[in-house]
1. Only residues that are assigned to a loop (DSSP other than H, G, I, E, B) and either surrounded by 10 or more Cβ atoms within 10 Å (Cβ to Cβ) or modelled with pLDDT under 90 (or both): list them for the stretch 49-65, please.
2. For the stretch 1-28, give me each residue that is at pLDDT 75 or above and in a loop (DSSP other than H, G, I, E, B).
Amino acid sequence: MTTSPDARRSADVPDQDYLYQDELREFEKTGVVRVVAALSRVPGQPRTGKSQADADAWLTGLRAGNRYLEDIWGGVPAGPA
């Protein structure tokens, strides 16, 4: 398995993109970490994502419940100042 220093991304093809898989399994066996993999695009599997409307409703709920904090750069218009 090929590894990369960028281990904080999703794995699209588990056999190719699951970075540090062997090492993480060993750490998990010894109790150092608990691994929950995010395999976003497994070939041959149906997509299970939500619609844009579902995402918008979820975000609206977070904002209404004061559970959303926008980044200081959020909402800054693009283009010349």
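1. GLY49, LYS50, SER51, listed by residue number.
2. TYR18, LEU19, TYR20, listed by residue number.
The values are calculated or read from the model by the stated rules, or taken from the named source; none is laboratory data. Everything quoted here is computed from the prediction, not taken from an experiment. Here the Cβ is made from the backbone with ideal geometry for all residues, glycine too, and neighbour counts use every protein chain on show.
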